[in-house]
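Presented below is the structure to which this report refers.
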Amino acid sequence: MTNPLATETLKQLRIIISAVRQHFRALEEACGVSGAQIWILSAIAETPGITVSQLGKTLSVHVSTVSNMLDKLAKAGLVERLRREDDRRVVNLHLTAEGQAVLARAPQPLTGLVPHALENLPEPALVRLNEDLALLIQQMQYVDHGNADKPLSVLVR
């Protein structure tokens, strides 16, 4: 790279990726589950009784991704799926006592470093960052837009 600003920007991206990996490792060591699973547990804790489709919207990930992760969490005894009495098609999600204990051990922020940081950026900065990242993506080859709906913890392993 010959452009010093491009080099500095690349270094900043490396710092972000490294911090994300470090946070996910700390989550897995403290809790025994992945960062994405902690994110799911925290969303269920925030909205007990949330449905699978609502959870997918909340996390901004595909419903099939959420369903697969919920299967693992349910098998581990961390989440329970309860069918509504008035409409058996609707499944509401709740944390078990063990799920709550896992969440209590998790390092903050539960949503992950990047989503937490993005939520806390001032609106004008977030707008600029969004526009600038779109320009960066346009310059890249081998971009898989399907990855936009996957949790970061899955992508940075």
Margin query: Show the residue pairs meeting these rules: Cβ distance below 8 Å; 6+ apart or different chains; first residue within segment 136-149 and under 16 Å from S64 (Cβ atoms); second residue surrounded by 10 or more Cβ atoms within 10 Å (Cβ to Cβ) and not aliphatic (A, V, I, L, M).
Written below: D149/S60; D149/H62; D149/T65
Checklist line | In segment 14-35, the residues that are surrounded by 11 or more Cβ atoms within 10 Å (Cβ to Cβ), free of Cβ contacts under 8 Å to residues at least 40 places away in the same chain and of a type outside the set (D, E) | finding: S18, Q22, R25
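Return a yes/no flag: does segment 51-71 have any residue that is touching a residue at least 24 places away in the same chain (Cβ under 8 Å), touching a Pro at 6+ places or on another chain (Cβ under 7 Å), within 26 Å of L129 (Cα to Cα) and among the aliphatic types (A, V, I, L, M). Outline the logic, then answer.
Start the filter on segment 51-71 by keeping residues that are touching a residue at least 24 places away in the same chain (Cβ under 8 Å), which leaves 51-52, 55, 59-62, 65-66, 69-70.
Remaining after also requiring touching a Pro at 6+ places or on another chain (Cβ under 7 Å): 61.
Next, from what is left, pick out any that are within 26 Å of L129 (Cα to Cα): 61.
Among the residues that remain, those that are also among the aliphatic types (A, V, I, L, M) are: 61.
Within segment 51-71, one or more residues are touching a residue at least 24 places away in the same chain (Cβ under 8 Å), touching a Pro at 6+ places or on another chain (Cβ under 7 Å), within 26 Å of L129 (Cα to Cα) and among the aliphatic types (A, V, I, L, M).
For the structure I just gave you, tell me whether I40 is free of Cβ contacts under 8 Å to residues at least 24 places away in the same chain and under 20 Å from the mean Cα position of the chain (by Cα).
On the way: free of Cβ contacts under 8 Å to residues at least 24 places away in the same chain: no; under 20 Å from the mean Cα position of the chain (by Cα): yes.
Criteria not met by I40.
Bear in mind these aren't lab numbers, they're just calculated from the coordinates by the rules spelled out. Nothing here was measured: the structure is a model prediction, and the numbers come from that model. Glycine gets a Cβ as well: all are built from the backbone with ideal geometry, and neighbour counts include every protein chain shown.
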